[in-house]
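Beneath this line is the structure, given in structure tokens, with notes to follow.
The values are calculated or read from the model by the stated rules, or taken from the named source; none is laboratory data. For clarity, every value in this text was computed on a predicted model and none was experimentally measured. When we count neighbours, we look across all protein chains shown, and the Cβ atoms used for this are built from the backbone with ideal geometry, even at glycine.
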DNA sequence: TTGAAAGCGCTAACAC
DNA sequence: GTGTTAGCGCTTTCAA
């Protein structure tokens, strides 16, 4: 049996207005009546119709989460962080997985005009930064990780610093001919990670060899292929810093195939710290990104915006750390 | 600028009813008028308010997808299949990740009373089958994979047959002392996989050794630990059939640590064919589950139910296949 | 503190 | 084929 607020009004003997007030927790009902009403509601298992609520109050209590590809291991923990925060605050997540298709991405932005959600959380995007800024002018928005514009609220890490530190770490492990496999260079984050690497080499007084830089696409296959290319250069690098873990795993497999011993002859450093990186052999030394926290913080910020709290635009930077594992020397620590 | 149907009515000179009809694609407008109206609507970028639509038509165009834990690799491809199908048919996914918590799971079922979605897709559950059946009497539902009741619409594989075939395959590879690590034994699917294994041994005339069966929980760690136990039995098994890939990977690591050579001295077979299984060394031989197709089919069935088409209850069984890789003899195929 | 009533934007029954 | 209008279930004024 489905009840409406009218049914409850009849059964309790109060008006619909009073029921509504009791439910919303707002002013205007005496405490005893509220208790009485809530008790009955609870017994009946009545839940207000969300569509009606939304129509009236212009709130959907939904958040659209835009994800380039749910199959990508990187996003799992982020979503978890978002989910946890959002549910606690009474919101639901509408999943906006667009399979790396800009067209589908736009489809979701179009849906927003039909008020399917109160705000958008951009976990990733295939659009031009300019387009995202445009959308953000129409709907409340928080962006995670990459895009940059002072007009946006962005939760991110310091990619430059993280890459700088990672390169320094490889140096401390004893590696001297450190190569780099970047991700898609269109992304700001790829450029920042590359820059951190370069400046670190410079500060270390290491020779900078253009041949030691390869441009990948964040996938296993590109790490595998580009590492093979790197290892055929003479002299070959004695370490590779990959811009994500998947490529690092590919690079590992390539090195193993070519007969290099890891980590003695050859060290590998990843980026992200996805679960996978500690499930392969050797376990990958990597830069930990606090993905759960990033998801959580971004959801918090978005909900703050939605509830009218003051949220200043700009970057919200979370800390990264280096997780030494088996793919680098002097760091044969499990976990 | 936000438009309402009234605005459109004024601007075109027609009544709201006509606009509504033009939009819905239903009878009652002449073709030319419909075209004219749709053109203007398109130019203005008007999208009807979903809450109003829902309130009126009792449809949310949302589907609640219940997922035990989005961080579990198994679910990614399923969700992708669901997402693709659902979006094409004009529905959105509400993500019901409940982090393996029965309490949160119930919270979502409660929300359903507030009409947040038109139907439920159960990708997994922590509840008693009986509870799921109960919920299915209240809301349209399709269940993927495990739960069993003739009252439900269930998309699944034949776990018994798949396990039977997998065991046979190990035999054909030359293994004779085949052990088994099952998943949580509360699940029907675990029991079916165990049964397939037992019957296969029986038909093969292999000796059945109770010590060769271990009860895990589908996690890496349990595969690792239980494989170690198994390998200390005298005589140790020469192969393990694990009820999922994560445990198989754990078992692999255990065998490597104990100095067994894979696949020569020791063979390992997984189940599921998650991406991970071909990214580790050695790549794991496994039973492929058509997860994308399972997601897609289940979404199709649910939408059919929602649109009033005839959907018969019972099992919809999809085929599995064995993917030979490097963790078993005579099957050193990369893929 | 409480209730009556307007109206959110839309669909569908009914009238023409 | 087209327009008028009554509500869907709720929140929120306004009046008492």
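Quick notes on this one:
- Test for residue A:172: is it surrounded by fewer than 17 Cβ atoms within 10 Å (Cβ to Cβ) and out of contact with any strand residue (DSSP E or B) (no Cβ under 9 Å at 6 or more places or on another chain): yes
- Looking across the stretch B:264-275, just one residue is within 14 Å of chain A (Cβ to nearest Cβ) and surrounded by fewer than 22 Cβ atoms within 10 Å (Cβ to Cβ), and that is B:275.
- Test: residue in the stretch A:35-46 that is more than 10 Å from DNA strand D (Cβ to nearest atom) and part of a loop (DSSP other than H, G, I, E, B): yes
- Candidates B:170, B:189, filtered to the one that is within 30 Å of residue B:262 (Cα to Cα), under 21 Å from the mean Cα position of the chain (by Cα) and not in a loop (DSSP other than H, G, I, E, B): B:189
- Count of the stretch B:25-49 residues which are more than 30 Å from residue B:116 (Cβ to Cβ) and within 14 Å of chain A (Cβ to nearest Cβ): 1
- Being free of Cβ contacts under 8 Å to residues at least 24 places away in the same chain, within 16 Å of DNA strand D (Cβ to nearest atom) and within 11 Å of chain B (Cβ to nearest Cβ) holds for only one residue in A:22, A:52, and it is A:52.
- Listed by position, the strands (runs of 3 or more DSSP E) inside the stretch B:240-335 whose residues that are over 23 Å from the mean Cα position of the chain (by Cα) and more than 29 Å from residue A:72 (Cβ to Cβ) number at least 2 form an empty set.
- Some residue of the stretch A:62-84 being within 16 Å of DNA strand C (Cβ to nearest atom), within 13 Å of chain B (Cβ to nearest Cβ), within 38 Å of the chain's Cα centre (by Cα) and closer than 30 Å to residue A:104 by Cβ: no
- Among the residues of the stretch B:55-82, those that are under 27 Å from residue A:49 (Cα atoms) and without any contact (Cβ under 8 Å) to a residue 24 or more places away in the chain comprise B:55, B:56, B:57.
- Of all residues in the stretch B:1-13, exactly one satisfies the criterion of being more than 8 Å from DNA strand C (Cβ to nearest atom) and within 13 Å of chain A (Cβ to nearest Cβ), namely B:1.
- Scanning the stretch B:170-204 for residues that are closer than 16 Å to residue B:237 by Cα and out of contact with any helix residue (DSSP H, G or I) (no Cβ under 8 Å at 6 or more places or on another chain) yields B:170, B:172, B:173, B:174, B:175, B:176, B:198.
- Residue within the stretch A:1-10 that is at pLDDT below 90, within 29 Å of residue B:93 (Cβ to Cβ) and more than 8 Å from DNA strand D (Cβ to nearest atom) present: yes
- Condition met for residue B:37 (touching a residue at least 24 places away in the same chain (Cβ under 8 Å) and closer than 30 Å to residue A:277 by Cα): no
- Residues satisfying the stated conditions in the stretch B:205-230, i.e. part of a helix (DSSP H, G or I) and surrounded by 15 or more Cβ atoms within 10 Å (Cβ to Cβ): B:212, B:220, B:222, B:223, B:224, B:225, B:226, B:227, B:228, B:230
- Meets criteria (more than 30 Å from residue A:138 (Cα to Cα), touching a helix residue (DSSP H, G or I) at 6+ places or on another chain (Cβ under 8 Å) and outside any loop (DSSP other than H, G, I, E, B)) for residue A:63: no
- Residue in the stretch B:116-127 that is at pLDDT 90 or above, facing another protein chain (nearest Cβ under 8 Å) and within 16 Å of DNA strand C (Cβ to nearest atom) present: no
- Selection count where residues are in a loop (DSSP other than H, G, I, E, B) and more than 7 Å from DNA strand C (Cβ to nearest atom), scope the stretch A:14-34: 2
- Some residue of the stretch B:46-61 being more than 9 Å from DNA strand C (Cβ to nearest atom) and under 31 Å from the mean Cα position of the chain (by Cα): yes
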